Protein chains: 2
Amino acid sequence: MRIGELAERTGTPRRMLRYYEDQGLLVSDRAANGYREYGEPCVDRVLQIRGLLDSGLPTRVIKQILPCLKEPRAIHVTDATPETMATLERERDRMTQRIECLLRSRDAISDYVEAVRVNQARGASGVSCDGAVQDAAVQDDAVQGAVSGRR
Amino acid sequence: MRIGELAERTGTPRRMLRYYEDQGLLVSDRAANGYREYGEPCVDRVLQIRGLLDSGLPTRVIKQILPCLKEPRAIHVTDATPETMATLERERDRMTQRIECLLRSRDAISDYVEAVRVNQARGASGVSCDGAVQDAAVQDDAVQGAVSGRR
DNA sequence: CTTGACCTTCACATAAATGTGAGGGTTGAA
DNA sequence: TTCAACCCTCACATTTATGTGAAGGTCAAG
């Protein structure tokens with residue numbers, strides 16, 4: 001597919017697709033006329049890139065971890081210099097930290113949202129609630145799922 | 001404590017502490033001489049801010065979710081306008097997305113690191129390995145723990 | 001053949017987080 | 001008293017991921 005289709009299917013501006021290529025995150029064939037030509041796997045790849053970018057990783061780091069995310073699992077073991085490995089382990093640990101931070105914060109938000117919901121359900125209008133949140137034994141699907149950390 | 005101590009205890013440049021205050025993420029008393037004075041809870045607060053910033057959240061968003069992370073759980077329900085609630089739920093969902101993306105990537109890195117480790121242990125020097133990674137039944141503590149997502 | 005919808009490169013602009021440093025006040029210890 | 005180590009504000013610089021648009025090539029349909 002050409003850049004326009006990839007852009008549309010990934011919700012990514014063309015500008016950014018060229019930028020990712022420039023940063024070495026994405027590769028493209030070139031048609032005879034010079035147009036970029038992408039294969040089907042690029043869709044997932046771009047989504048990966050966007051997700052990691054949105055999660056705070058700079059392109060420089062994404063470039064290093066992208067080879068780990070390719071499907072044919074153990075074929076890319078070739079380029080395993082000690083420094084590369086060290087970088088990977090360091091970044092893996094940083095990602096674990098981010099995950100923990102996000103988990104804590106997300107769960108706190110869920111609790112908060114739930115508390116407000118319960119509070120409003122019982123008719124309080126903007127008034128503060130002194131009791132603990134443990135009375136939040138409600139059966140609403142969506143919110144309940146969120147609180148318990150669903151996927 | 002003054003800004004220097006807070007900076008040191010959180011590993012954050014003074015410049016950034018003032019910046020966070022400017023963005024409304026952090027508050028400080030002022031001593032008679034104009035020096036900023038911070039309470040003990042600021043340490044955790046700054047660490048929270050830094051973690052979220054590093055996880056890709058802009059200060060504008062962090063400012064909105066920080067009230068949810070305060071300890072006295074249900075006291076801050078006061079300022080629950082519908083828009084605030086909508087924002088919180090939207091951001092909670094984005095955080096869930098980030099968590100999933102980071103989890104996938106981190107686990108992939110762990111698998112990769114593990115595969116390389118096993119590969120090197122059996123004496124291959126930079127050569128690629130064709131078999132699946134399922135033979136990675138090793139007992140190394142650190143790596144094994146990382147693969148299974150420890151902590 | 002022309003028009004419109006693609007594509008190319010190049011370049012300048014912007015927002016956000018951060019670095020750096022100037023110019024100047026406070027304070028405690030030598 | 002003077003010096004070092006803090007603190008203040010202000011301002012300009014940098015990096016990264018983006019937005020925007022100019023100037024121009026390609027190509028299919030009218």
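Which members of region A:33-51 meet the condition of being away from DNA strand C (no atom under 12 Å from the Cβ) and away from chain B (no Cβ under 14 Å)?
The answer is A:Gly39, A:Glu40, A:Pro41, A:Cys42, A:Val43.
Is it the case that A:Leu57 is crowded, with 16+ Cβ neighbours inside 10 Å and in contact with a Phe, Trp or Tyr (Cβ under 6 Å, 6 or more places away or on another chain)?
Spelling it out, it is not the case that A:Leu57 is crowded, with 16+ Cβ neighbours inside 10 Å and in contact with a Phe, Trp or Tyr (Cβ under 6 Å, 6 or more places away or on another chain).
Residues checked against (1) over 14 Å from the mean Cα position of the chain (by Cα); (2) at positive phi; (3) more than 16 Å from DNA strand C (Cβ to nearest atom):
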{"site": "A:Thr59", "(1), (2), (3)": "no, no, no"}
{"site": "A:Asp79", "(1), (2), (3)": "yes, no, yes"}
{"site": "A:Thr84", "(1), (2), (3)": "yes, no, yes"}
{"site": "A:Met95", "(1), (2), (3)": "no, no, yes"}
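Residue by residue through region A:1-22, note down the ones that are within 19 Å of the chain's Cα centre (by Cα) and in a loop (DSSP other than H, G, I, E, B).
The answer is A:Gly11, A:Thr12, A:Pro13.
If the Cβ limit is 6 Å and pairs must be 6+ apart or interchain, which residue in region B:47-61 that is among the small types (Gly, Ala, Ser) pairs with which residue that is more than 16 Å from DNA strand D (Cβ to nearest atom)?
B:Gly51/A:Cys101; B:Ser55/A:Cys101; B:Ser55/A:Leu102
Which one of B:Pro58, B:Pro67 is assigned by TED's automatic domain parsing to the domain that holds B:Gly4, within 16 Å of DNA strand D (Cβ to nearest atom) and under 30 Å from A:Gln120 (Cα atoms)?
Of the residues listed, the single one that is assigned by TED's automatic domain parsing to the domain that holds B:Gly4, within 16 Å of DNA strand D (Cβ to nearest atom) and under 30 Å from A:Gln120 (Cα atoms) is B:Pro58.
Residues checked against (1) exposed (fewer than 14 other Cβ atoms within 10 Å of the Cβ); (2) within 7 Å of chain B (Cβ to nearest Cβ); (3) part of a helix (DSSP H, G or I):
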| position | (1), (2), (3) |
| --- | --- |
| A:Glu83 | yes, no, yes |
| A:Leu88 | no, yes, yes |
| A:Arg94 | no, no, yes |
| A:Arg98 | no, yes, yes |
| A:Leu102 | no, yes, yes |
| A:Asp107 | no, no, yes |
| A:Ser110 | no, yes, yes |
| A:Glu114 | no, no, yes |
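For region A:6-39, enumerate the residues that are open to solvent by 60 Å² or more (accessible area, probe 1.4 Å), without any contact (Cβ under 8 Å) to a residue 12 or more places away in the chain and either among the aliphatic types (A, V, I, L, M) or more than 11 Å from DNA strand D (Cβ to nearest atom) (or both).
If the condition is that a residue be open to solvent by 60 Å² or more (accessible area, probe 1.4 Å), without any contact (Cβ under 8 Å) to a residue 12 or more places away in the chain and either among the aliphatic types (A, V, I, L, M) or more than 11 Å from DNA strand D (Cβ to nearest atom) (or both), then A:Glu8, A:Val27, A:Asp29, A:Arg30, A:Ala32 are the ones that fit.
The values are calculated or read from the model by the stated rules, or taken from the named source; none is laboratory data. The model shown is predicted, which means the values in this text are computed figures rather than measured ones. Counting neighbours? That spans all protein chains shown, and the Cβs are built from the backbone with ideal geometry, glycine included. The area values use the complete protein model at the heavy-atom level, side chains included, leaving out ligands, DNA and RNA. Shrake-Rupley method; radii C 1.70, N 1.55, O 1.52, S 1.80 Å.
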